[in-house]
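The values are calculated or read from the model by the stated rules, or taken from the named source; none is laboratory data. This is a predicted model, so every value here is computed, not measured. A quick note on method: Cβ atoms are made from the backbone with ideal geometry, for glycine too, and the neighbour counts reach across all protein chains shown.
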There are 2 protein chains.
Amino acid sequence: MKASLKDIAKKVGVSTALVSYVINGKEREMRVGEEMVARIKKAARELNYQPNQIAKSLKSGKTLTIGFIVADISNTFFANLARIIEDEAKKSNYTVIFGSSDETPENAWNLMTVLLNRQVDGFIIAPTVNSEAQIKYLQEKNIPFVLIDRYLPDLPANYVALDNYKAAFDAVSLLIRNGRRRIGMVNYDTSLFHLQERSRGYKQALTENKLQVEPVLLQEIRESHLKEDIKEALDSFRALEPPVDAIFFPSNKLTVTGLKYIRDLKLKVPDDIAVVGFDETDAYDLFYCPITYVRQPMAAFGKQAVELLLKNIESNKNITQLNLEATLVVRASSGGMPDK
Amino acid sequence: MKASLKDIAKKVGVSTALVSYVINGKEREMRVGEEMVARIKKAARELNYQPNQIAKSLKSGKTLTIGFIVADISNTFFANLARIIEDEAKKSNYTVIFGSSDETPENAWNLMTVLLNRQVDGFIIAPTVNSEAQIKYLQEKNIPFVLIDRYLPDLPANYVALDNYKAAFDAVSLLIRNGRRRIGMVNYDTSLFHLQERSRGYKQALTENKLQVEPVLLQEIRESHLKEDIKEALDSFRALEPPVDAIFFPSNKLTVTGLKYIRDLKLKVPDDIAVVGFDETDAYDLFYCPITYVRQPMAAFGKQAVELLLKNIESNKNITQLNLEATLVVRASSGGMPDK
DNA sequence: CTGAAAGCGCTTACAG
DNA sequence: CTGAAAGCGCTTACAG
């Protein structure tokens, strides 16, 4: 059915070696006769020859494939990243296989194994909790990878992430400048370092402004019970005396879920309560009061991650760790007087 | 570095054939000695043997890989589909490679070629406009594929899609039942069949209710100039005498973009204007008036598509065409009195 | 300038 | 019960 090098060779009456040379543009290097080149190219065209990448890979040990392991590809954050990585990889003739770990290290291991068996040339990974062993395995085996969005603070490994501390610090500082004094934060109860950094930025912003870092103001909830727990958290914020006058949500899901409840409560944003969210989504624009949010540099994440990975694939170099800056997109929900 | 069958064979002092048999669980079938089996398994474990899927694929002609070609993987609709397809494929040990065509047939062709060279076993494709040639090519080459979300009406091919006509008909009928009489629709100016079907459903609903199908009420806009064109369309709706009192948006992007403008205009939904949207997104929940929308059966789309594809891969069977039913999720934006 | 040969890591008839 | 051999489709030293 599908034509192979051998078919072309037979048709022209030469060896497959010769065909391979001209198909791969090595006719000069190998000083193949002009007329020969023409005949081979013609035959290739006639047979509609398409190289079998699998056979090439077996020989070369390179598959030109990147494994992209995320928590959930349907999350807008990762879906956006996927698109950027796809485009960037394509420029170097790489293709990407993705897998969703659902935040469990077991799934992440399984995915990694499957992709390793498929001989991916490297990985871009948003590591789950407890993935130290997995990362170390890759390091021991000398398999190129770069972490994205998240990273493990004590592990020397390539990563492209946000300056989470500063992003949170800036977000909360804005709320303080806008006159808020009882600022709550709802984060996940997690050991994920990047989320802890966001909490740290929040606390530091309060401290530097001489505000008390009260434990009740930083609620840590279960991702598995997002909806219920967020309600409880917001309810407890409102029960305080005086109640919370601003909330910082450090992820897109937290923000969206929080806003839904705020709407159900009929609270007025920003008058009753100011809000700063995280990540970009259409939902922020459609809320009655446009939401101020921390925008992550998605395009840079994707580009840098691919670039770094490809560099590592061609020669396992030194480690690069990138903490990119977020942009605070200020709109009405954070209070103050956005002049416009 | 990585252990191969040969390494195990050498270590145990047997042929690779034997190793292959026991690794693949054919020891019974081949009546391999019990002690031999134990020694081989032990060696495999010690060498941490992982089969090279590429080599297997070259031999078997099967890669256990599905190519998933969509317009844009970062669109929530396709991202959600991707996740479902991933999970479903995994159950059968399939992996998925995705590619975004950006709605251009050239990109779609290129993607298909790249994935074909990588010997994917089959495709799940959301075809772009003018992709007839591409689809026919797959058919001629006898390459398994199933279309998803969209399909070409005249081409006998597997597909899993929505009953678009009925979905639109039901959505518009609801608006009519709720007393709306000047119902506008903003669709893309496209030859994409599934979108035309949605327009047809709209028109038919008007006709059956003895409402005039006025051309000004059905605006067809350019996807490339979504924002500007949607403003123009809505402006022209409002300039009518009497003005439009309801709008049906037949896609998520159209709905979200339309709602943004409606909010800027400070129109009251549903009092000034009722709205029915398409697809599911958080944004619909955060709008001040929860949006009534046509929900597509995403899980069924993904499952059926994979199931159909795998069936076709194992034996290129007869053609199956599925038009699944949408669910109209009725909330406040469509007017009327949702009793709750 | 061109061909024969080996090999990438696996599987699978075929012998014995 | 086990091994030698061929072959999947390609590439690449090595000869000549």
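Summary table
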item	result
Any chance residue B:30 is within 12 Å of DNA strand C (Cβ to nearest atom) and modelled with pLDDT under 90	yes
Residue in region B:301-322 that is surrounded by fewer than 16 Cβ atoms within 10 Å (Cβ to Cβ), out of contact with any Ser or Thr (no Cβ under 7 Å at 6 or more places or on another chain), away from chain A (no Cβ under 14 Å) and assigned to a strand (DSSP E or B) present	yes
All positions within region A:240-268 that are over 17 Å from residue A:220 (Cα atoms) and more than 11 Å from chain B (Cβ to nearest Cβ)	A:241, A:242, A:243, A:245, A:265, A:267, A:268
Cross-chain or 6+ apart pairs with Cβ under 7 Å, region B:1-13 first and within 14 Å of chain A (Cβ to nearest Cβ), then near DNA strand C (Cβ under 8 Å from one of its atoms) and among the aromatic types (Phe, Trp, Tyr)	B:3/B:49
Among (1) modelled with pLDDT under 95; (2) surrounded by 18 or more Cβ atoms within 10 Å (Cβ to Cβ) - the single one residue A:148 does not satisfy	(1)
Checking residue A:286 against (1) more than 11 Å from chain B (Cβ to nearest Cβ); (2) among the aliphatic types (A, V, I, L, M); (3) in contact with a Phe, Trp or Tyr (Cβ under 9 Å, 6 or more places away or on another chain), the condition it does not meet	(1)
Matching residues in region B:172-191 - criterion: being out of contact with any Ser or Thr (no Cβ under 8 Å at 6 or more places or on another chain) and touching a residue at least 60 places away in the same chain (Cβ under 8 Å)	B:172, B:177, B:179, B:180, B:181, B:182, B:183, B:184, B:186, B:190, B:191
Candidate set: region A:1-20, residues that are near DNA strand C (Cβ under 7 Å from one of its atoms) and surrounded by 17 or more Cβ atoms within 10 Å (Cβ to Cβ); chosen: the one nearest to residue B:118 (Cα to Cα)	A:18
Single residue of region A:77-113 satisfying the filter (at the interface with chain B (Cβ under 9 Å from one of its Cβ atoms) and within 10 Å of the chain's Cα centre (by Cα)) that is surrounded by the fewest Cβ atoms within 10 Å (Cβ to Cβ)	A:84
Every pair of residues 6+ apart whose Cβ atoms lie under 7 Å, when the first sits in region B:35-63 and is within 13 Å of another protein chain (Cβ to nearest Cβ) and at positive phi while the second is more than 7 Å from DNA strand C (Cβ to nearest atom) and assigned to a loop (DSSP other than H, G, I, E, B)	B:48/B:3
Residue selected from region B:114-125 under the condition of a type outside the set (Lys, Arg) and within 12 Å of another protein chain (Cβ to nearest Cβ), by the criterion surrounded by the fewest Cβ atoms within 10 Å (Cβ to Cβ)	B:117
The lone exception for residue B:228 - which of (1) touching a Gly at 6+ places or on another chain (Cβ under 9 Å); (2) at pLDDT 95 or above it fails	(1)
